[in-house]
1. Just checking: which of the strands (runs of 3 or more DSSP E) contained wholly in the range 27-79 hold 1 or more residues that are touching a Ser or Thr at 6+ places or on another chain (Cβ under 7 Å) and either surrounded by 13 or more Cβ atoms within 10 Å (Cβ to Cβ) or of a type outside the set (S, T, N, Q) (or both)?
2. Please list, ordered by first then second residue, the pairs with beta carbon atoms under 9 Å, 6 or more apart or interchain, first in the range 1-25 and part of a helix (DSSP H, G or I), second modelled with pLDDT under 95 and open to solvent by 50 Å² or more (accessible area, probe 1.4 Å).
3. Restricting to the range 1-11, name every residue that is over 25 Å from Val77 (Cβ atoms) and open to solvent by less than 60 Å² (accessible area, probe 1.4 Å).
Amino acid sequence: MAIAIVVPGRDVSILKKNIEEKLQGEVPVWIYPDIPDPGAVRMAVVWKHPPGSLQEFPNLAVVHSLGAGVEHLLDDVLL
């Protein structure tokens, strides 16, 4: 299992660090587009993700919106 952070145009390094600390390093956290194993991603933390980008994760089970609202998710016709 791995977590992908898909938040283009923002520095999410602190978010990545905090998630890794909470999970005590047991789950890899990767920042899109640098995802070494898309098949391992089971959860994505997103905000205004590139349309279609979540299709890259064949085993995706959970999508978490980083901000309030989910319009950006509903606008992705490939979901």
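1. On the way: elements: 29-31, 41-46, 62-65.
Counting at least 1 such residues, we get 41-46.
2. The qualifying pairs are Leu15/Leu66.
3. Looking only at the range 1-11, we keep the residues that are over 25 Å from Val77 (Cβ atoms), and these are 1-2, 11.
The answer is Ala2, and nothing else.
The values are calculated or read from the model by the stated rules, or taken from the named source; none is laboratory data. In this text the structure is predicted, and so the values were computed from the model without any measurement. In this analysis, Cβ positions are derived from the backbone assuming ideal geometry, glycine residues included, and neighbour counts consider all displayed protein chains. When the accessible area is computed, the model is the full protein with side chains, heavy atoms only, and any ligands, DNA or RNA have been set aside. Shrake-Rupley method; radii C 1.70, N 1.55, O 1.52, S 1.80 Å.
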